[in-house]
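The values are calculated or read from the model by the stated rules, or taken from the named source; none is laboratory data. Since the model is a prediction, treat every value here as computed from it, not as a measurement. Because the Cβ atoms are built from the backbone with ideal geometry, glycine has one as well, and the counts that use them run over all protein chains shown. Protein only, heavy atoms only, side chains kept; ligands, DNA and RNA dropped before computing areas. Shrake-Rupley method; radii C 1.70, N 1.55, O 1.52, S 1.80 Å.
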Amino acid sequence: MSEVKLTVQTRTEFGKGAARRIRRANQVPGVLYGHGSDPIHLTLPGHDLLLALRTPNVLIALDIDGKTNELAIPKAVQRDPLKGFLEHVDLQLVQRGEKVNVEIPVHAEGELAAGGNLLEHVLNALPVEAEATHIPESVSVSVEGLEAGASILAKDIALPKGTTLAVDGDTVVLQVLAAQAEEPAAEGAEGEEAAEA
């Protein structure tokens, strides 16, 4: 797992006006919390944070005001619904060796059995518990040759060493559905439409 270093500053101004000023300066307001400590309000570099958040569950090494260094993972990211820019980020304080609960993306590989079957992702991300510095970026699942009605349960997915499920093993993650053919239009209705024309 990659670790991204960000130099951040603590902030003392709060409210909508202060948040707007921070965003105009291409920065993002955020908060760091965890381990029973008081929340620390931060100003983070916007572009660097955006690049870091492209990796799910990225581990962020924070250099706070050049005085303290902390490790954190993103817990909540707020984006502008229209323009997509970052509005606010919540970061959870973590320590090396500590176990954290996160969700990792599930990627399906392979082709389903012939017949126009459809693959439904019941869970797009799998809840797991992993060491904060060794969070897997994703898990891959083979769906090669699966027929309609087949499903893959959480316990069927091979997890990297040191990672355990944080959900019931019998939870359905992927399932194969039979393709539904469109019903042909009733002949009587077509005949009536032709007569009207």
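Observations on the structure shown:
- Close pairs (7 angstrom Cβ cut-off, 6 or more residues apart or separate chains): free of Cβ contacts under 8 Å to residues at least 12 places away in the same chain in segment 48-73, of a type in the set (D, E, K, R) anywhere: N69/D63
- Candidates in segment 21-35 are the residues that are farther than 16 Å from V77 by Cα and in contact (Cβ under 8 Å) with a residue 40 or more places away in the chain; of these, the one that is surrounded by the most Cβ atoms within 10 Å (Cβ to Cβ) is G34.
- When residues in segment 73-85 are screened for being open to solvent by 60 Å² or more (accessible area, probe 1.4 Å) and either of a type in the set (D, E) or not in a strand (DSSP E or B) (or both), 4 of them pass.
This table checks each residue for (1) touching a Gly at 6+ places or on another chain (Cβ under 7 Å); (2) over 21 Å from T133 (Cα atoms); (3) part of a strand (DSSP E or B).
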position: R23; (1), (2), (3): no, yes, no
position: Y33; (1), (2), (3): no, no, yes
position: I40; (1), (2), (3): no, yes, yes
position: L62; (1), (2), (3): no, no, yes
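- Scanning segment 42-56 for residues that are closer than 22 Å to P127 by Cα and assigned to a helix (DSSP H, G or I) yields one hit, A52.
- Entry remark, segment 1-17: residues being outside any loop (DSSP other than H, G, I, E, B), over 22 Å from L53 (Cβ atoms) and open to solvent by less than 80 Å² (accessible area, probe 1.4 Å) number 1 in total.
- Scanning segment 89-105 finds no residues that are without any contact (Cβ under 8 Å) to a residue 12 or more places away in the chain, within 20 Å of P29 (Cα to Cα), part of a strand (DSSP E or B) and more than 14 Å from the chain's Cα centre (by Cα).
- Whichever residue in segment 166-183 is closer than 14 Å to L126 by Cα and touching a strand residue (DSSP E or B) at 6+ places or on another chain (Cβ under 6 Å) and, among such residues, is surrounded by the fewest Cβ atoms within 10 Å (Cβ to Cβ): D170
- The residue that is farthest from E103 (Cα to Cα), counting only those in segment 48-60 that are more than 15 Å from the chain's Cα centre (by Cα) and open to solvent by less than 10 Å² (accessible area, probe 1.4 Å), is L49.
- Residue in segment 61-71 that is polar (S, T, N, Q) and surrounded by 14 or more Cβ atoms within 10 Å (Cβ to Cβ) present: no
- Residues within segment 116-147 that are open to solvent by less than 50 Å² (accessible area, probe 1.4 Å) and assigned to a loop (DSSP other than H, G, I, E, B), tallied: 11
- When the residues of segment 86-112 are filtered to those that are more than 22 Å from A61 (Cα to Cα) and touching a strand residue (DSSP E or B) at 6+ places or on another chain (Cβ under 8 Å), the one that is least open to solvent (accessible area, probe 1.4 Å) is V106.
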